[in-house]
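The values are calculated or read from the model by the stated rules, or taken from the named source; none is laboratory data. Not measured: the values here are computed from a predicted model. As a convention, Cβ positions derive from the backbone with ideal geometry for all residues, glycine included, and neighbour counts pool all protein chains shown. To get the accessible areas, we keep the full protein, side chains included, count just its heavy atoms, and leave off ligands, DNA and RNA. Shrake-Rupley method; radii C 1.70, N 1.55, O 1.52, S 1.80 Å.
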Amino acid sequence: MTDNKSTRPSQNATAGSQRPLRVLISGGGTGGHIFPALSIANAIEKEMPGSEILFVGAENRMEMKRVPEAGYKIIGLPVAGFDRKHLWRNFSVLIKLWKSLRLARQVVRSFKPDIAIGVGGYASGPTLKAAQRAGVPTLLQEQNSYAGVTNKLLADKAKAICVAYPGMERFFPASRIVMTGNPVRQAILRPGVSPSEAKEKLGFNPDRPLVLITGGSLGAGTLNNVMLKAIADGKAAAVDFQILWQCGAAHIARCREAVGDKLPQNIVLTDFVSDMAVAYCAADLVVARAGAGTISELELLGKPSILVPSPNVAEDHQRHNAEALADRGAADMVLDADAHKRLWTDIQTIVENPDTLMLLSENISKLALRDSDTLIVEQVRKITDR
């Protein structure tokens with residue numbers, strides 16, 4: 001069990017008042033799970049002052065760093081994901097799962113939560129299962145258009161299931177589904193600059209279109225390979241638009257070596273974008289993977305986008321996410337397997353057509369669900385009768 005002294009206790013609770021609400025939040029593994037979890041926690045603190053919040057994550061995953069950085073206490077479980085390609089390797093995974101269930105029961109007994117919230121990820125399964133067995137009401141937050149296995153297994157006993165896409169009754173009991181959308185990092189919505197100022201801040205010409213290409217903090221090999229080929233073929237240098245290319249820390253050395261001294265002046269190559277609010281603001285077109293968190297941000301910002309779903313995710317959920325937008329004319333979708341043939345052409349065609357950019361922006365804006373964190377807190381109030 002991993003612990004951290006960083007916490008946010010019930011500083012606003014006064015003597016003689018009702019016992020502070022105790023909230024257990026579990027999940028993580030990726031930013032797509034962690035950022036919504038932190039947004040929910042922040043909203044609970046704001047809307048229900050004095051609440052005591054405890055996170056449960058997976059040991060050695062990014063939540064063990066991100067959550068304490070945000071000021072919350074977190075306990076780590078030794079849980080790990082199943083290896084679906086090599087089933088014989090799952091013996092140790094089963095042992096870790098058994099240990100995690102035992103530790104989760106200890107956490108529930110000692111913390112005595114009034115509600116447990118699961119946002120998906122390895123740790124949410126044993127934690128929410130332990131809470132349900134102890135009679136603690138649970139709330140699930142499903143970010144994707146294709147529900148994850150963990151949430152599907154927990155749904156029958158959940159009091160509410162907060163979703164971001166229509167049609168989720170094919171996975172969950174319809175009577176408990178609440179359309180809230182996905183909570184996003186609020187800083188993303190407040191860049192503090194105009195699009196022209198954002199371009200200048202990033203070192204670009206404010207009068208020329210800008211394409212943001214990002215595979216997230218880890219990078220995306222397919223997107224990087226498309227860029228490397230466009231540069232090698234001379235296509236990237238021949239266009240009138242600019243590119244901010246975030247290749248990811250794991251790929252930066254390879255990309256820099258491959259490009260050498262041939263990087264066109266209209267391209268900035270970086271391993272990490274520290275201020276995504278400014279980058280989004282500056283971008284006329286965003287090329288990205290189709291994680292639920294990214295899509296929610298693009299919807300709220302009204303950003304025209306080309307989505308390239310990662311094929312390396314459970315239940316192929318990124319493709320389902322991207323299709324949900326593409327079917328409504330809210331984004332262009334290029335499958336990973338087709339990216340080497342189509343992606344560069346689609347980028348050039350869309351960014352050079354103002355009417356297409358405007359239509360994509362209008363359509364994706366219509367799908368935005370705002371104040372998702374507040375809507376989820378309303379469900380917490382109802383469930384806990386606060």
| note | Scanning segment 220-251 residue by residue, those open to solvent by less than 20 Å² (accessible area, probe 1.4 Å), within 12 Å of Thr270 (Cα to Cα) and not in a strand (DSSP E or B) turn out to be Asn224, Cys247, Gly248
| query | Tell me, which helices (runs of 4 or more DSSP H) lie completely within segment 322-386 with 3 or more residues that are of a type in the set (D, E, K, R)? | reply | 339-351, 372-384
| query | Take the residues of segment 183-213 that are modelled with pLDDT under 95 and either in a helix (DSSP H, G or I) or in contact with a Ser or Thr (Cβ under 9 Å, 6 or more places away or on another chain) (or both): which is farthest from Ala37 (Cα to Cα)? | reply | Leu189
| Out of all the residues in segment 333-364, which are more than 22 Å from Asp207 (Cβ to Cβ), open to solvent by 60 Å² or more (accessible area, probe 1.4 Å) and among the aliphatic types (A, V, I, L, M)? | Leu335, Ala337, Leu359
| field | Restricting segment 64-85 to residues that are assigned to a loop (DSSP other than H, G, I, E, B) and either under 17 Å from Lys99 (Cβ atoms) or of a type in the set (A, V, I, L, M, F, W, C) (or both), the residue that is modelled with the lowest pLDDT | value | Phe82
| query | Looking at segment 102-120, which of its residues are closer than 27 Å to Gly50 by Cβ and open to solvent by less than 20 Å² (accessible area, probe 1.4 Å)? | reply | Ala104, Val107, Val108, Pro113, Ile115, Ala116, Ile117, Gly118, Val119
| message | Against the definition (assigned to a loop (DSSP other than H, G, I, E, B) and modelled with pLDDT under 90), how does Gly120 come out, yes or no? | response | yes
| List, please: which pairs have Cβ atoms under 9 Å, are six or more places apart or on different chains, and start with a residue in segment 258-271 that is under 18 Å from Glu200 (Cα atoms) and end with one that is open to solvent by less than 50 Å² (accessible area, probe 1.4 Å) and aromatic (Phe, Trp, Tyr)? | Asn266/Phe204; Asn266/Phe241; Ile267/Trp245; Val268/Phe204; Val268/Trp245; Leu269/Trp245; Thr270/Trp245
| field | Subset of segment 54-63 [over 12 Å from Pro78 (Cβ atoms) and at pLDDT below 90] | value | Met62, Glu63
